[in-house]
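Take a look at the structure below.
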Amino acid sequence: MNLRPERDEAAGSAPPRPRVGARILRRRALPVLALALLAAGEARADLRLCNMTGSRVGVALGYRDAQGWVTEGWWNLAPRACEAILKGSLAARYYYLYAVDYDRGGEWSGRSLMCTRDREFTIRGVEDCLARGFDRNGFFEIDTGQQKTWTVQLTDPNRPAGGQPR
């Protein structure tokens, strides 16, 4: 069905105006379409990190996939900014984070030891980090409760929220 008005090329006239019923249908359809697009945007599932500090922060992520443990880094977060570091529905219940404050020093860490390095990395396995030429850092655990989307907020030490620097 062609919804575009036809133009009388021979007469050179403007296209005829749509009937009143078509205008009402269009006016009703636009808000519905806008709501559908908005709902589709809200349905996104990601692992998001929000840097609520006044410093630049570097983040490394650890997780378990079908082949075993993996650590990846670095995501660089600007002050007071959020970023999706995993896009799409979360595949695991537990994720592990290690973050460093580039500007003031300090870190957000935990007890789960995993491999990292100073520059961009993807490392398979968490054993023998030092012997394999990597650094070893403690990651803190995030229990998503099997939710499909999750947000972690990194805050200054004097502000309560998820993940505190040490």
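Laboratory data are not the source of any read-out in this text; all were calculated from the coordinates shown. On a predicted model such as this, the values are computed, not experimentally measured, just so you know. Positions of Cβ are backbone-derived with ideal geometry, glycine not excepted, and every protein chain shown enters the neighbour counts.
Here Asn51 clears all of (1) more than 23 Å from Cys129 (Cα to Cα); (2) surrounded by fewer than 20 Cβ atoms within 10 Å (Cβ to Cβ) except the condition numbered (2).
Considering region 54-69, and only residues there that are without any contact (Cβ under 8 Å) to a residue 40 or more places away in the chain and surrounded by fewer than 17 Cβ atoms within 10 Å (Cβ to Cβ), the residue that is farthest from Asp156 (Cα to Cα) turns out to be Ala66. Cβ-Cβ contacts under 7 Å between residues 6 or more apart (or on different chains), taken from a first residue in region 141-152 that is part of a loop (DSSP other than H, G, I, E, B) to a second residue that is among the small types (Gly, Ala, Ser), are listed as Lys148/Ala45; Lys148/Ser89; Thr149/Ala45.
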